[in-house]
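S.K.: Before anything else, here's the structure in question.
The values are calculated or read from the model by the stated rules, or taken from the named source; none is laboratory data. All of these numbers come straight from a predicted model, not from anything done at the bench. Cβ atoms come from the backbone with ideal geometry, glycine included; neighbour counts cover every protein chain shown.
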Amino acid sequence: MGSSEDVHLAPEYKGSDSQLFKLIPEKNGYFAINNKKTGKVLDISGGSTAAGTKLIQYEANGGENQQFAFIPYVVFSYGKSLVMR
């Protein structure tokens, strides 16, 4: 069994490898998200779907709790500019 590491949200980018991630395409259209410093991927702890579940880094194992989708959406700001997120 591998070891996990916590994920922390940094208030700003400081050029650290711990803040760099690579998207790794999976065969099903989802992505694993690999951290440059640790070599581990983002992982939903315990595979839970409950709100507030902890996000960790863990060795890649192909589990569904390590696969993420990016879903585009548009927010309109009337009278100003279009914002894509």
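S.K.: Could you list all residues from the stretch 33-44 that are among the polar types (S, T, N, Q) and out of contact with any helix residue (DSSP H, G or I) (no Cβ under 8 Å at 6 or more places or on another chain)?
M.R.: Result: N34, single match.
S.K.: Continuing with the same structure: Any chance you could count how many residues in the stretch 32-59 are assigned to a loop (DSSP other than H, G, I, E, B) and more than 11 Å from S4 (Cβ to Cβ)?
M.R.: 9
For every residue, the table says whether it meets (1) touching a helix residue (DSSP H, G or I) at 6+ places or on another chain (Cβ under 9 Å); (2) among the charged types (D, E, K, R); (3) under 18 Å from G2 (Cα atoms).
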position: E12; (1), (2), (3): no, yes, no
position: K22; (1), (2), (3): no, yes, no
position: P25; (1), (2), (3): no, no, no
position: Y30; (1), (2), (3): yes, no, no
position: N61; (1), (2), (3): no, no, yes
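S.K.: For the stretch 49-85, give me the residue count where each residue is of a type in the set (D, E, K, R), exposed (fewer than 10 other Cβ atoms within 10 Å of the Cβ) and at pLDDT 85 or above.
M.R.: The qualifying residues number 0.
S.K.: Within the stretch 3-48, how many residues are in contact (Cβ under 8 Å) with a residue 40 or more places away in the chain and surrounded by 11 or more Cβ atoms within 10 Å (Cβ to Cβ)?
M.R.: 5
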